[in-house]
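Accompanying notes for the structure given below.
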Amino acid sequence: MAEPVQRPTEEPLSRWGGWKAPEYLKLGSGSGNRRLVAGSAVLGLVVAAGAVLAAGPWDSGQRKAERDRAAVQQRAGGAHHEGNAPDGPEPAPSAPAVLSALGATAGLTPAGASGLKGVLDPLLDTPALGSVRTAVVVDAATGKQLYARGATTPMTPASTVKIATTAAALSALGPAHRIATTVVLSPDSRTLTLVGGGDPTLDEAALRSLAADTARSLRDGGTGRVRLAYDTSRYSGPARHPIGPNENIAPMSALMADEGRLDGSDRGPALRSGDPAGDAARSFAELLGDAGAATHAPVSGKAAKGSRTVATHWSKPLSALVERALTNSDNDIAEALARQTALKAGEPASFAGSRRAVTAQLQTLGMPLAGAWLADGSGLDRADKVSAGLLARLLALAAGPDHPELRPVLTGLPVAGFSGTLGDRYTATSPATGLIRAKTGTLTGVNSLAGTTVDAQGRLLAFAFLASGTTSPAEAEASLDTLATTLTKGTR
(Lines give C-alpha, C1' and ligand atoms only; values in the text may rest on other atoms or scores of the structure.)
Protein backbone atom coordinates (compact mmCIF):
# COMPACT_ATOMS: atom_id res chain seq x y z
CA MET A 1 0.00 0.00 0.00
CA ALA A 2 1.27 3.45 -0.83
CA GLU A 3 2.46 5.60 2.04
CA PRO A 4 -0.28 8.13 2.83
CA VAL A 5 0.80 11.69 2.22
CA GLN A 6 -0.71 14.65 3.97
CA ARG A 7 -2.62 16.87 1.54
CA PRO A 8 -0.68 20.14 1.42
CA THR A 9 -2.33 23.22 2.82
CA GLU A 10 -1.42 26.16 0.68
CA GLU A 11 -2.58 29.46 -0.73
CA PRO A 12 -0.33 29.29 -3.75
CA LEU A 13 0.49 31.50 -6.63
CA SER A 14 -1.66 31.86 -9.68
CA ARG A 15 -0.63 30.19 -12.94
CA TRP A 16 2.85 31.66 -12.93
CA GLY A 17 2.93 33.43 -9.63
CA GLY A 18 0.48 36.28 -9.29
CA TRP A 19 -0.41 36.78 -5.63
CA LYS A 20 -3.92 37.05 -4.33
CA ALA A 21 -3.63 39.62 -1.59
CA PRO A 22 -5.01 38.72 1.85
CA GLU A 23 -7.48 41.20 3.26
CA TYR A 24 -5.19 42.13 6.14
CA LEU A 25 -2.66 43.64 3.70
CA LYS A 26 -5.06 46.54 3.29
CA LEU A 27 -4.62 47.55 6.93
CA GLY A 28 -2.69 50.61 7.97
CA SER A 29 0.78 50.68 9.48
CA GLY A 30 1.56 48.90 12.70
CA SER A 31 4.28 47.02 14.53
CA GLY A 32 4.20 44.26 11.93
CA ASN A 33 4.80 46.80 9.18
CA ARG A 34 7.70 48.36 11.07
CA ARG A 35 9.28 44.95 11.35
CA LEU A 36 8.87 44.43 7.62
CA VAL A 37 10.71 47.65 6.89
CA ALA A 38 13.68 46.36 8.86
CA GLY A 39 13.67 43.12 6.92
CA SER A 40 13.77 44.73 3.49
CA ALA A 41 17.40 45.77 3.87
CA VAL A 42 18.85 42.28 3.72
CA LEU A 43 20.25 41.51 0.27
CA GLY A 44 16.89 42.35 -1.22
CA LEU A 45 15.93 38.76 -0.51
CA VAL A 46 13.79 39.07 2.57
CA VAL A 47 10.39 40.33 1.50
CA ALA A 48 8.50 42.93 3.47
CA ALA A 49 4.74 42.74 3.37
CA GLY A 50 4.28 45.71 1.07
CA ALA A 51 7.06 44.52 -1.23
CA VAL A 52 5.53 41.08 -1.53
CA LEU A 53 2.21 42.52 -2.57
CA ALA A 54 3.67 45.06 -4.97
CA ALA A 55 6.05 42.59 -6.56
CA GLY A 56 3.53 41.36 -9.06
CA PRO A 57 3.80 38.25 -11.18
CA TRP A 58 6.95 36.21 -11.66
CA ASP A 59 8.90 37.08 -14.79
CA SER A 60 11.74 34.65 -15.45
CA GLY A 61 12.81 34.69 -11.82
CA GLN A 62 12.65 38.46 -11.35
CA ARG A 63 9.67 40.40 -10.17
CA LYS A 64 8.36 42.93 -12.64
CA ALA A 65 7.86 45.56 -9.95
CA GLU A 66 11.53 45.38 -8.99
CA ARG A 67 12.53 45.91 -12.62
CA ASP A 68 10.09 48.78 -13.05
CA ARG A 69 11.22 50.38 -9.81
CA ALA A 70 14.85 50.16 -10.94
CA ALA A 71 13.97 51.85 -14.24
CA VAL A 72 12.19 54.68 -12.45
CA GLN A 73 15.14 55.22 -10.12
CA GLN A 74 17.51 55.33 -13.07
CA ARG A 75 15.43 58.01 -14.81
CA ALA A 76 15.12 60.05 -11.64
CA GLY A 77 18.88 60.36 -11.20
CA GLY A 78 20.91 60.68 -8.03
CA ALA A 79 24.44 61.34 -6.92
CA HIS A 80 25.35 57.68 -7.11
CA HIS A 81 23.34 56.74 -10.21
CA GLU A 82 24.09 57.04 -13.88
CA GLY A 83 21.99 57.06 -17.03
CA ASN A 84 20.02 60.32 -16.65
CA ALA A 85 18.32 61.62 -19.78
CA PRO A 86 19.69 64.96 -21.05
CA ASP A 87 16.47 66.69 -20.12
CA GLY A 88 16.03 64.79 -16.87
CA PRO A 89 16.20 66.21 -13.34
CA GLU A 90 19.47 67.20 -11.77
CA PRO A 91 20.92 64.46 -9.56
CA ALA A 92 19.84 64.74 -5.97
CA PRO A 93 22.27 63.82 -3.21
CA SER A 94 21.79 60.24 -2.09
CA ALA A 95 20.38 59.73 1.38
CA PRO A 96 22.59 58.01 3.93
CA ALA A 97 21.96 54.33 4.52
CA VAL A 98 19.20 53.68 7.00
CA LEU A 99 20.20 50.11 7.81
CA SER A 100 23.52 48.32 7.73
CA ALA A 101 24.16 46.03 4.81
CA LEU A 102 24.20 42.30 5.34
CA GLY A 103 27.34 41.50 7.30
CA ALA A 104 27.84 45.00 8.69
CA THR A 105 27.52 44.57 12.43
CA ALA A 106 28.61 47.94 13.81
CA GLY A 107 26.68 48.65 16.97
CA LEU A 108 25.00 45.25 16.98
CA THR A 109 25.62 42.35 19.28
CA PRO A 110 26.01 39.14 17.25
CA ALA A 111 23.32 36.57 17.91
CA GLY A 112 25.26 34.02 19.93
CA ALA A 113 24.77 30.28 20.17
CA SER A 114 24.23 30.52 23.92
CA GLY A 115 21.36 32.97 23.53
CA LEU A 116 19.61 30.88 20.91
CA LYS A 117 20.14 27.74 22.91
CA GLY A 118 18.23 29.20 25.81
CA VAL A 119 15.17 29.96 23.72
CA LEU A 120 15.23 27.14 21.14
CA ASP A 121 16.02 24.17 23.36
CA PRO A 122 12.72 24.26 25.28
CA LEU A 123 10.75 24.72 22.05
CA LEU A 124 12.46 21.76 20.39
CA ASP A 125 11.64 19.60 23.40
CA THR A 126 7.89 19.96 22.94
CA PRO A 127 6.18 16.56 22.52
CA ALA A 128 4.44 17.84 19.38
CA LEU A 129 7.73 17.48 17.50
CA GLY A 130 7.78 13.72 17.93
CA SER A 131 10.54 11.38 18.96
CA VAL A 132 13.48 12.85 17.00
CA ARG A 133 14.03 16.51 16.22
CA THR A 134 17.08 18.26 14.75
CA ALA A 135 17.86 21.90 14.11
CA VAL A 136 20.52 24.20 12.68
CA VAL A 137 20.64 28.00 12.49
CA VAL A 138 23.31 29.76 10.43
CA ASP A 139 24.21 33.44 10.11
CA ALA A 140 23.87 33.85 6.35
CA ALA A 141 26.37 36.73 6.20
CA THR A 142 29.24 35.05 8.01
CA GLY A 143 28.40 31.38 7.57
CA LYS A 144 28.74 30.95 11.32
CA GLN A 145 26.62 28.20 12.86
CA LEU A 146 24.69 29.87 15.66
CA TYR A 147 22.74 26.88 16.91
CA ALA A 148 22.75 23.15 16.33
CA ARG A 149 21.05 20.06 17.62
CA GLY A 150 21.74 16.89 15.69
CA ALA A 151 23.23 18.97 12.86
CA THR A 152 24.60 15.92 11.02
CA THR A 153 21.81 13.45 11.89
CA PRO A 154 20.22 12.04 8.71
CA MET A 155 16.46 12.70 8.79
CA THR A 156 13.55 12.14 6.43
CA PRO A 157 13.07 15.68 5.09
CA ALA A 158 9.77 15.31 3.18
CA SER A 159 9.37 18.23 0.74
CA THR A 160 12.24 20.27 2.19
CA VAL A 161 14.47 18.03 0.06
CA LYS A 162 13.30 20.22 -2.85
CA ILE A 163 15.81 22.79 -1.59
CA ALA A 164 18.60 20.34 -2.43
CA THR A 165 17.02 19.32 -5.73
CA THR A 166 16.55 22.87 -7.00
CA ALA A 167 19.96 24.06 -5.80
CA ALA A 168 21.64 21.21 -7.65
CA ALA A 169 19.68 21.93 -10.84
CA LEU A 170 20.49 25.64 -10.78
CA SER A 171 24.15 24.94 -10.09
CA ALA A 172 24.42 22.38 -12.90
CA LEU A 173 22.31 24.05 -15.57
CA GLY A 174 22.06 27.73 -14.67
CA PRO A 175 18.89 29.77 -14.07
CA ALA A 176 18.42 30.57 -17.79
CA HIS A 177 18.21 26.92 -18.90
CA ARG A 178 14.99 25.97 -20.73
CA ILE A 179 13.58 22.55 -21.54
CA ALA A 180 12.75 21.88 -25.19
CA THR A 181 9.80 19.91 -26.54
CA THR A 182 10.29 19.28 -30.26
CA VAL A 183 8.49 17.94 -33.29
CA VAL A 184 10.69 16.19 -35.84
CA LEU A 185 10.04 14.82 -39.34
CA SER A 186 11.67 11.61 -40.53
CA PRO A 187 14.07 11.71 -43.52
CA ASP A 188 11.41 10.14 -45.76
CA SER A 189 8.86 12.78 -44.65
CA ARG A 190 6.39 10.07 -43.68
CA THR A 191 6.59 10.09 -39.86
CA LEU A 192 6.17 13.02 -37.54
CA THR A 193 7.40 12.52 -33.96
CA LEU A 194 6.56 14.58 -30.87
CA VAL A 195 9.70 14.33 -28.73
CA GLY A 196 9.40 14.94 -24.99
CA GLY A 197 12.26 16.81 -23.36
CA GLY A 198 11.03 16.51 -19.77
CA ASP A 199 8.94 19.68 -19.38
CA PRO A 200 6.01 18.85 -17.06
CA THR A 201 4.57 22.36 -17.50
CA LEU A 202 3.80 21.83 -21.19
CA ASP A 203 0.17 22.84 -21.65
CA GLU A 204 -2.54 23.07 -24.30
CA ALA A 205 -1.38 26.49 -25.45
CA ALA A 206 2.12 25.15 -26.02
CA LEU A 207 0.80 22.10 -27.88
CA ARG A 208 -1.41 24.33 -30.03
CA SER A 209 1.57 26.52 -30.93
CA LEU A 210 3.63 23.42 -31.76
CA ALA A 211 0.80 22.09 -33.92
CA ALA A 212 0.44 25.37 -35.81
CA ASP A 213 4.18 25.60 -36.49
CA THR A 214 4.27 21.95 -37.52
CA ALA A 215 1.32 22.26 -39.91
CA ARG A 216 2.87 25.33 -41.50
CA SER A 217 6.17 23.51 -42.00
CA LEU A 218 4.42 20.51 -43.58
CA ARG A 219 2.49 22.76 -45.97
CA ASP A 220 5.60 24.69 -46.93
CA GLY A 221 7.39 21.45 -47.66
CA GLY A 222 4.53 19.96 -49.64
CA THR A 223 4.24 17.06 -47.21
CA GLY A 224 0.96 15.14 -47.24
CA ARG A 225 -0.60 12.94 -44.61
CA VAL A 226 1.94 11.61 -42.11
CA ARG A 227 2.08 9.06 -39.35
CA LEU A 228 2.38 10.47 -35.83
CA ALA A 229 4.59 9.03 -33.09
CA TYR A 230 5.64 10.25 -29.68
CA ASP A 231 9.08 9.74 -28.15
CA THR A 232 9.62 9.47 -24.40
CA SER A 233 13.07 7.90 -24.60
CA ARG A 234 14.81 10.74 -22.80
CA TYR A 235 13.67 9.24 -19.48
CA SER A 236 14.59 5.76 -18.31
CA GLY A 237 13.90 3.62 -15.28
CA PRO A 238 10.58 3.14 -13.48
CA ALA A 239 7.77 5.44 -14.52
CA ARG A 240 6.03 5.10 -11.18
CA HIS A 241 7.30 6.83 -8.09
CA PRO A 242 7.99 4.36 -5.26
CA ILE A 243 5.01 5.80 -3.43
CA GLY A 244 2.80 4.25 -6.12
CA PRO A 245 -0.21 5.79 -7.88
CA ASN A 246 -0.89 8.97 -5.98
CA GLU A 247 -2.72 12.27 -6.41
CA ASN A 248 0.47 14.12 -5.49
CA ILE A 249 2.47 13.06 -8.56
CA ALA A 250 2.03 11.76 -12.11
CA PRO A 251 3.94 8.85 -13.65
CA MET A 252 7.45 9.91 -14.66
CA SER A 253 7.52 10.73 -18.38
CA ALA A 254 9.60 12.95 -20.62
CA LEU A 255 6.34 13.94 -22.33
CA MET A 256 3.26 15.15 -20.48
CA ALA A 257 0.86 18.05 -20.50
CA ASP A 258 -0.34 19.88 -17.39
CA GLU A 259 1.55 17.41 -15.19
CA GLY A 260 -0.90 14.71 -16.20
CA ARG A 261 -3.67 16.46 -14.25
CA LEU A 262 -7.21 15.51 -15.19
CA ASP A 263 -9.14 18.19 -13.31
CA GLY A 264 -7.83 21.37 -14.91
CA SER A 265 -5.83 22.37 -11.83
CA ASP A 266 -2.23 23.56 -11.90
CA ARG A 267 -1.17 22.91 -8.30
CA GLY A 268 -1.88 20.69 -5.34
CA PRO A 269 -3.20 17.12 -5.31
CA ALA A 270 -5.22 16.04 -8.33
CA LEU A 271 -6.40 12.94 -10.15
CA ARG A 272 -3.61 12.00 -12.57
CA SER A 273 -3.46 10.29 -15.94
CA GLY A 274 -2.09 6.77 -16.08
CA ASP A 275 -0.64 7.55 -19.52
CA PRO A 276 0.40 11.22 -19.58
CA ALA A 277 2.56 10.83 -22.71
CA GLY A 278 -0.20 9.18 -24.71
CA ASP A 279 -2.70 11.79 -23.58
CA ALA A 280 -0.38 14.62 -24.63
CA ALA A 281 0.23 13.00 -28.03
CA ARG A 282 -3.49 12.50 -28.67
CA SER A 283 -4.16 16.14 -27.79
CA PHE A 284 -1.38 17.16 -30.15
CA ALA A 285 -2.92 15.04 -32.93
CA GLU A 286 -6.26 16.80 -32.52
CA LEU A 287 -4.60 20.19 -32.58
CA LEU A 288 -2.68 19.22 -35.70
CA GLY A 289 -5.99 18.39 -37.35
CA ASP A 290 -7.37 21.76 -36.30
CA ALA A 291 -4.33 23.36 -37.92
CA GLY A 292 -4.97 21.51 -41.18
CA ALA A 293 -2.44 18.67 -40.90
CA ALA A 294 -4.19 15.30 -40.83
CA THR A 295 -2.40 12.39 -39.17
CA HIS A 296 -3.06 8.86 -38.07
CA ALA A 297 -3.60 8.01 -34.38
CA PRO A 298 -0.30 8.49 -32.51
CA VAL A 299 1.84 5.54 -31.50
CA SER A 300 4.80 5.33 -29.15
CA GLY A 301 8.14 5.22 -30.92
CA LYS A 302 11.59 6.74 -31.01
CA ALA A 303 12.29 9.41 -33.59
CA ALA A 304 14.06 8.11 -36.67
CA LYS A 305 17.77 8.84 -37.01
CA GLY A 306 18.35 11.86 -39.21
CA SER A 307 14.95 13.43 -38.49
CA ARG A 308 14.83 17.19 -38.81
CA THR A 309 13.20 19.55 -36.34
CA VAL A 310 10.10 21.31 -37.64
CA ALA A 311 8.82 22.93 -34.42
CA THR A 312 10.12 23.63 -30.91
CA HIS A 313 8.57 24.83 -27.67
CA TRP A 314 10.80 26.08 -24.85
CA SER A 315 9.76 25.94 -21.22
CA LYS A 316 9.95 28.87 -18.84
CA PRO A 317 13.53 29.45 -17.61
CA LEU A 318 14.79 27.13 -14.92
CA SER A 319 14.65 29.99 -12.41
CA ALA A 320 10.86 30.23 -12.87
CA LEU A 321 10.44 26.44 -12.68
CA VAL A 322 12.43 26.39 -9.44
CA GLU A 323 10.31 29.14 -7.93
CA ARG A 324 7.09 27.38 -8.89
CA ALA A 325 8.37 24.05 -7.54
CA LEU A 326 9.24 25.57 -4.17
CA THR A 327 6.31 27.94 -3.71
CA ASN A 328 3.67 25.37 -4.61
CA SER A 329 5.67 22.32 -3.46
CA ASP A 330 5.28 20.94 -6.97
CA ASN A 331 6.45 17.32 -6.99
CA ASP A 332 6.29 16.85 -10.76
CA ILE A 333 8.52 19.84 -11.46
CA ALA A 334 10.95 18.78 -8.72
CA GLU A 335 11.33 15.31 -10.24
CA ALA A 336 11.79 16.86 -13.69
CA LEU A 337 14.54 19.15 -12.38
CA ALA A 338 16.33 16.18 -10.82
CA ARG A 339 16.26 14.41 -14.21
CA GLN A 340 17.50 17.51 -16.03
CA THR A 341 20.44 17.51 -13.60
CA ALA A 342 21.06 13.85 -14.39
CA LEU A 343 21.04 14.48 -18.14
CA LYS A 344 23.53 17.32 -17.74
CA ALA A 345 25.82 14.98 -15.81
CA GLY A 346 25.56 12.25 -18.41
CA GLU A 347 23.53 10.04 -16.08
CA PRO A 348 20.31 8.22 -17.01
CA ALA A 349 17.22 10.34 -16.38
CA SER A 350 15.90 7.96 -13.74
CA PHE A 351 15.55 7.93 -9.97
CA ALA A 352 18.97 6.32 -9.57
CA GLY A 353 20.66 8.56 -12.13
CA SER A 354 19.10 11.65 -10.58
CA ARG A 355 20.25 10.62 -7.12
CA ARG A 356 23.86 10.28 -8.27
CA ALA A 357 23.81 13.53 -10.25
CA VAL A 358 22.19 15.67 -7.57
CA THR A 359 24.49 14.24 -4.88
CA ALA A 360 27.56 14.93 -7.01
CA GLN A 361 26.44 18.49 -7.70
CA LEU A 362 25.90 19.18 -4.01
CA GLN A 363 29.34 17.77 -3.32
CA THR A 364 30.75 20.21 -5.88
CA LEU A 365 29.12 23.00 -3.90
CA GLY A 366 30.96 21.82 -0.79
CA MET A 367 27.87 20.73 1.11
CA PRO A 368 27.99 18.37 4.14
CA LEU A 369 26.64 15.10 2.73
CA ALA A 370 27.42 12.59 5.47
CA GLY A 371 24.46 10.21 5.69
CA ALA A 372 22.60 11.90 2.82
CA TRP A 373 20.52 9.72 0.48
CA LEU A 374 18.49 11.51 -2.18
CA ALA A 375 16.13 8.76 -3.27
CA ASP A 376 13.94 11.18 -5.25
CA GLY A 377 13.73 14.86 -6.12
CA SER A 378 10.38 15.66 -4.53
CA GLY A 379 10.61 14.31 -0.99
CA LEU A 380 7.70 11.90 -1.34
CA ASP A 381 10.04 8.94 -0.78
CA ARG A 382 10.55 8.17 2.89
CA ALA A 383 13.97 6.75 2.01
CA ASP A 384 15.24 10.32 1.50
CA LYS A 385 17.74 11.33 4.18
CA VAL A 386 19.39 14.71 4.67
CA SER A 387 20.65 16.61 7.68
CA ALA A 388 19.47 19.92 9.05
CA GLY A 389 23.05 21.11 8.55
CA LEU A 390 22.88 20.38 4.81
CA LEU A 391 19.65 22.32 4.29
CA ALA A 392 20.73 25.32 6.37
CA ARG A 393 24.10 25.47 4.62
CA LEU A 394 22.46 25.34 1.20
CA LEU A 395 20.15 28.22 2.11
CA ALA A 396 23.05 30.28 3.43
CA LEU A 397 25.01 29.57 0.25
CA ALA A 398 22.05 30.71 -1.87
CA ALA A 399 21.97 33.99 0.09
CA GLY A 400 25.68 34.68 -0.28
CA PRO A 401 27.58 36.52 -3.02
CA ASP A 402 29.51 33.56 -4.42
CA HIS A 403 26.63 31.70 -6.08
CA PRO A 404 24.11 34.17 -7.52
CA GLU A 405 22.78 31.38 -9.76
CA LEU A 406 21.22 29.86 -6.63
CA ARG A 407 19.15 32.94 -5.77
CA PRO A 408 15.85 31.46 -7.09
CA VAL A 409 16.06 28.95 -4.24
CA LEU A 410 15.37 31.86 -1.91
CA THR A 411 12.96 33.84 -4.08
CA GLY A 412 10.85 30.72 -4.58
CA LEU A 413 10.39 29.95 -0.89
CA PRO A 414 6.84 30.44 0.40
CA VAL A 415 6.42 33.67 2.36
CA ALA A 416 4.85 33.47 5.82
CA GLY A 417 1.25 34.63 5.68
CA PHE A 418 1.36 35.37 1.96
CA SER A 419 2.07 32.53 -0.44
CA GLY A 420 2.33 28.84 -1.11
CA THR A 421 2.36 26.36 1.74
CA LEU A 422 2.90 29.14 4.29
CA GLY A 423 -0.01 31.22 3.07
CA ASP A 424 -2.31 30.28 5.92
CA ARG A 425 0.15 29.37 8.66
CA TYR A 426 0.88 32.87 9.99
CA THR A 427 -1.65 35.47 11.05
CA ALA A 428 -1.80 39.19 10.34
CA THR A 429 -0.57 39.92 13.88
CA SER A 430 2.33 37.45 13.88
CA PRO A 431 5.73 39.18 14.12
CA ALA A 432 7.01 36.66 11.56
CA THR A 433 4.48 37.41 8.82
CA GLY A 434 6.37 38.55 5.73
CA LEU A 435 9.76 37.92 7.34
CA ILE A 436 9.96 34.14 7.18
CA ARG A 437 10.50 32.48 3.82
CA ALA A 438 10.58 28.72 4.17
CA LYS A 439 9.94 25.38 2.51
CA THR A 440 7.56 23.11 4.35
CA GLY A 441 7.62 19.33 4.46
CA THR A 442 4.88 16.90 5.49
CA LEU A 443 4.60 13.13 5.39
CA THR A 444 2.81 10.91 7.85
CA GLY A 445 4.87 11.24 11.05
CA VAL A 446 7.30 13.72 9.47
CA ASN A 447 7.22 17.51 9.60
CA SER A 448 9.92 19.96 8.58
CA LEU A 449 10.55 23.64 7.93
CA ALA A 450 13.68 25.15 6.36
CA GLY A 451 14.23 28.68 5.14
CA THR A 452 15.40 32.16 6.04
CA THR A 453 14.27 34.93 8.33
CA VAL A 454 15.49 38.24 9.74
CA ASP A 455 16.19 38.63 13.43
CA ALA A 456 15.58 41.74 15.53
CA GLN A 457 19.03 43.05 14.63
CA GLY A 458 18.32 42.91 10.89
CA ARG A 459 20.50 39.86 10.39
CA LEU A 460 19.55 37.21 7.81
CA LEU A 461 19.43 33.74 9.33
CA ALA A 462 19.17 30.42 7.51
CA PHE A 463 17.51 27.63 9.47
CA ALA A 464 16.33 24.05 9.20
CA PHE A 465 14.06 22.23 11.65
CA LEU A 466 13.34 18.53 11.03
CA ALA A 467 11.06 16.34 13.14
CA SER A 468 9.99 12.69 12.92
CA GLY A 469 7.64 10.54 14.94
CA THR A 470 5.05 13.31 15.05
CA THR A 471 1.44 12.32 15.66
CA SER A 472 -0.44 15.55 14.99
CA PRO A 473 0.49 17.47 11.82
CA ALA A 474 -1.29 20.60 13.01
CA GLU A 475 0.49 20.64 16.35
CA ALA A 476 3.84 19.88 14.74
CA GLU A 477 3.43 22.66 12.19
CA ALA A 478 2.47 25.13 14.92
CA SER A 479 5.58 24.16 16.89
CA LEU A 480 7.84 24.57 13.85
CA ASP A 481 6.28 27.96 13.13
CA THR A 482 6.93 29.00 16.73
CA LEU A 483 10.59 28.01 16.38
CA ALA A 484 10.99 30.10 13.23
CA THR A 485 9.07 33.02 14.74
CA THR A 486 11.38 32.95 17.75
CA LEU A 487 14.34 33.56 15.45
CA THR A 488 12.81 36.85 14.31
CA LYS A 489 13.10 38.09 17.88
CA GLY A 490 16.79 37.16 18.08
CA THR A 491 18.98 37.71 21.11
CA ARG A 492 20.23 40.98 22.46
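The values are calculated or read from the model by the stated rules, or taken from the named source; none is laboratory data. Bear in mind that the values here come from a model prediction, so they are computed numbers and not experimental data. Because the Cβ atoms are built from the backbone with ideal geometry, glycine has one as well, and the counts that use them run over all protein chains shown. We work out accessible area using only protein heavy atoms, side chains counted, and drop any ligands, DNA or RNA first. Shrake-Rupley method; radii C 1.70, N 1.55, O 1.52, S 1.80 Å.
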Expected output for the stretch 159-188 (first residue in contact (Cβ under 8 Å) with a residue 40 or more places away in the chain and farther than 19 Å from Asn331 by Cα, partner crowded, with 22+ Cβ neighbours inside 10 Å and among the charged types (D, E, K, R), Cβ below 6 Å, 6+ apart or cross-chain) is Thr181/Asp199
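Of the residues in the stretch 154-167, how many are assigned to a loop (DSSP other than H, G, I, E, B) and either under 21 Å from Trp314 (Cβ atoms) or touching a Gly at 6+ places or on another chain (Cβ under 7 Å) (or both)?
2
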When the stretch 461-492 is examined, which residues are found to be part of a strand (DSSP E or B) and closer than 15 Å to Val136 by Cβ? Leu461, Ala462, Phe463, Ala464, Phe465, Leu466, Ala467
Some residue of the stretch 258-274 being touching a Ser or Thr at 6+ places or on another chain (Cβ under 8 Å), part of a loop (DSSP other than H, G, I, E, B) and within 25 Å of Ala352 (Cβ to Cβ): no
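Among the residues in the stretch 168-180, are any over 26 Å from Ser319 (Cα atoms) and either of a type in the set (Ser, Thr, Tyr) or not in a loop (DSSP other than H, G, I, E, B) (or both)?
Within the stretch 168-180 (the criterion being over 26 Å from Ser319 (Cα atoms) and either of a type in the set (Ser, Thr, Tyr) or not in a loop (DSSP other than H, G, I, E, B) (or both)), the answer is no, since none of the residues qualifies.
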What pairs come up if the first residue lies in the stretch 406-420 and is farther than 15 Å from Ala396 by Cα, the second is part of a helix (DSSP H, G or I), and their beta carbons are under 6 Å apart, counting only those six or more places apart or on different chains? Pro414/Thr327; Val415/Val52; Phe418/Val52; Ser419/Thr327; Gly420/Thr327
Hits in the stretch 224-243 - residues which are open to solvent by 60 Å² or more (accessible area, probe 1.4 Å) and in a strand (DSSP E or B): Arg227
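This table checks each residue for (1) open to solvent by less than 10 Å² (accessible area, probe 1.4 Å); (2) among the β-branched types (Val, Ile, Thr); (3) at pLDDT 95 or above.
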{"residue": "Ala140", "(1), (2), (3)": "no, no, yes"}
{"residue": "Thr160", "(1), (2), (3)": "yes, yes, yes"}
{"residue": "Leu170", "(1), (2), (3)": "yes, no, yes"}
{"residue": "Ile179", "(1), (2), (3)": "yes, yes, yes"}
{"residue": "Asp199", "(1), (2), (3)": "yes, no, yes"}
{"residue": "Glu204", "(1), (2), (3)": "no, no, yes"}
Given the structure, is Ala352 surrounded by 18 or more Cβ atoms within 10 Å (Cβ to Cβ) and closer than 28 Å to Asn246 by Cβ? no
Against the definition (touching a Leu at 6+ places or on another chain (Cβ under 8 Å), open to solvent by 10 Å² or more (accessible area, probe 1.4 Å) and closer than 30 Å to Glu475 by Cα), how does Thr165 come out, yes or no? no
For Gly289, the lone unmet condition from (1) touching a residue at least 12 places away in the same chain (Cβ under 8 Å); (2) within 13 Å of Leu207 (Cβ to Cβ) is (1)
Filtered residue count, the stretch 408-439, keeping only those that are within 14 Å of Leu483 (Cβ to Cβ), touching a Pro at 6+ places or on another chain (Cβ under 9 Å) and surrounded by fewer than 24 Cβ atoms within 10 Å (Cβ to Cβ): 0
Residue under question is Thr214, and the condition is that it be surrounded by 22 or more Cβ atoms within 10 Å (Cβ to Cβ) and closer than 30 Å to Leu374 by Cβ; does it hold? no
List pairs: first in the stretch 358-374 and under 18 Å from Thr153 (Cβ atoms), second crowded, with 16+ Cβ neighbours inside 10 Å and of a type in the set (Asp, Glu), Cβ under 8 Å, 6+ apart or cross-chain? Trp373/Asp384; Leu374/Asp384
Of all residues making up the stretch 296-330, the number that are over 10 Å from the mean Cα position of the chain (by Cα) and either closer than 30 Å to Ala416 by Cα or in a strand (DSSP E or B) (or both): 12
Go through (1) touching a Leu at 6+ places or on another chain (Cβ under 7 Å); (2) aliphatic (A, V, I, L, M); (3) free of Cβ contacts under 8 Å to residues at least 60 places away in the same chain for Ala239 and report which single condition fails. (1)
Of the conditions (1) out of contact with any His (no Cβ under 9 Å at 6 or more places or on another chain); (2) not in a loop (DSSP other than H, G, I, E, B), Gln340 fails just one. Which one is it? (1)
Residues in the stretch 323-339: is at least one touching a helix residue (DSSP H, G or I) at 6+ places or on another chain (Cβ under 8 Å) and more than 25 Å from Ile243 (Cβ to Cβ)? no
